[in-house]
Amino acid sequence: MSGCGGFLKRTFDVVVGGAALLFLAPVFAVIAALVCLDSGLPILFAQKRIGRNLREFSILKFRTMTAGNGPLVTVSGDPRVTRIGKILRATKLDELPQLWNVLVGDMSLVGPRPEVAKYVLLYPERFREILSVRPGITDSASILMRDEERVLSRANNPLAFYADVLLPAKLDLAQAYVREQTFGRDIRILGETLLVCLTRRQTRHDSWELLQKENSL
């Protein structure tokens, strides 16, 4: 994006992100109470991710899993996911605290989803290009691969499938976004995200074909 486009994008992030935080405050309060009643404290989950210009930051989510160590990827039926967590993950409401990440400048409303350092180190050159922009709450991969957890649950080796098949497919979409980003495209991605979350319609991406690719390796 040009300098003017970048300024418009950041202004949009601050205005819309700030307004959304205020407007959704009652929703935050309800979710916080439900998380606490269901599985206690803490309410929020923070994880180190790699952001713009490869700088580390803490991404925020409503906690959807029990405390403890486990795989970095989550599959359908993961026993670590709490009762309320299942609902939050299905509706993407667990991502709402990232509006704060947007407000403080760590993230944008739209942009490539940030990854943990382990996966960034697998594809450093690709991530160097992708993370020339702020990572976002949503992007094309978030929409098209919304069935990621179900696909991972069917993989022979979910961790290897994510690293070797699913992540490269996400990076293809992220690189296309960085090279072709416009403010109009951001608005379209936001609209599609809201439509998918509100209607819970099936995604259009052939994630299941990626699974077949894994099974044929």
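Some notes on this structure:
- Here the Karplus curve 6.51 cos²θ - 1.76 cosθ + 1.60, taken at θ = phi - 60°, turns the phi angles of the stretch 131-148 into couplings of 8, 6, 10, 5, x, x, 5, 9, 7, 4, 5, 4, 7, 6, 10, 5, 8, 3 Hz, with x standing for Gly and Pro.
- Estimated FRET transfer efficiency when R0 is 35 angstrom, pair residue 175-residue 33 (beta carbons, to 0.05): 0.30
- Database remark: amide H of residue 107 closer than 5 angstrom to the amide H of 102 (H placed geometrically; neighbours at sequence offset of 5 or more, or on other chains; Pro and chain starts carry no H).
- Listed by chain and number, the lysines whose alpha-carbon sits under 23 Å from that of residue 48, ignoring those within fewer than 8 places in the same chain, are 61, 86, 92, 118, 170.
- Across the stretch 27-43, the residues whose backbone nitrogen lies under 12 Å from the label position 7 Å along the beta-carbon direction of residue 67 are 40-43.
- 3J(HN,Hα) along the stretch 84-95, derived from phi through the Karplus expression 6.51 cos²θ - 1.76 cosθ + 1.60 where θ = phi - 60°, amounts to 5, x, 4, 5, 4, 5, 5, 9, 6, 5, 5, 7 Hz, with x in place of Gly and Pro.
- Taking amide H as placed 1.01 Å from N in the peptide plane, residue 82 has its amide H under 5 Å from the amide H of 65, 66, each at least 5 places away in sequence or on another chain.
- The stretch 8-108 shape via C-alpha gyration tensor axes, a/c threshold 1.5: oblate
- Measuring nothing but how far apart in sequence close Cα pairs (under 8 Å, 6+ apart) lie, relative to its length, the chain scores a relative contact order of 21 percent.
- Unit Cα scatterers, Debye sum, the chain: log10 I(q)/I(0) for q = 0.14, 0.17, 0.18 Å⁻¹: -0.91, -1.39, -1.56
- Euclidean distance between Cα centres, the stretch 64-109 to the stretch 111-136, Å: 19
- Amide hydrogen neighbours beyond the local backbone of residue 96, cut-off 5 Å, H modeled: 62
- Extension gain, residue 47 back to residue 87 (0.36 nm per residue minus Cα-Cα distance, nm): 12.4 nm
- Karplus-derived 3J(HN,Hα), 6.51/-1.76/1.60, for each residue of the stretch 110-116, Hz, glycine and proline x: 10, x, x, 5, x, 10, 6
We did not get these values from a lab; they are worked out from the coordinates using the rules stated. A quick note: this is a predicted structure, and the numbers were derived from the prediction, not measured. All Cβ positions, even for glycine, are placed from backbone atoms using ideal geometry, and neighbour counts span all protein chains on display.
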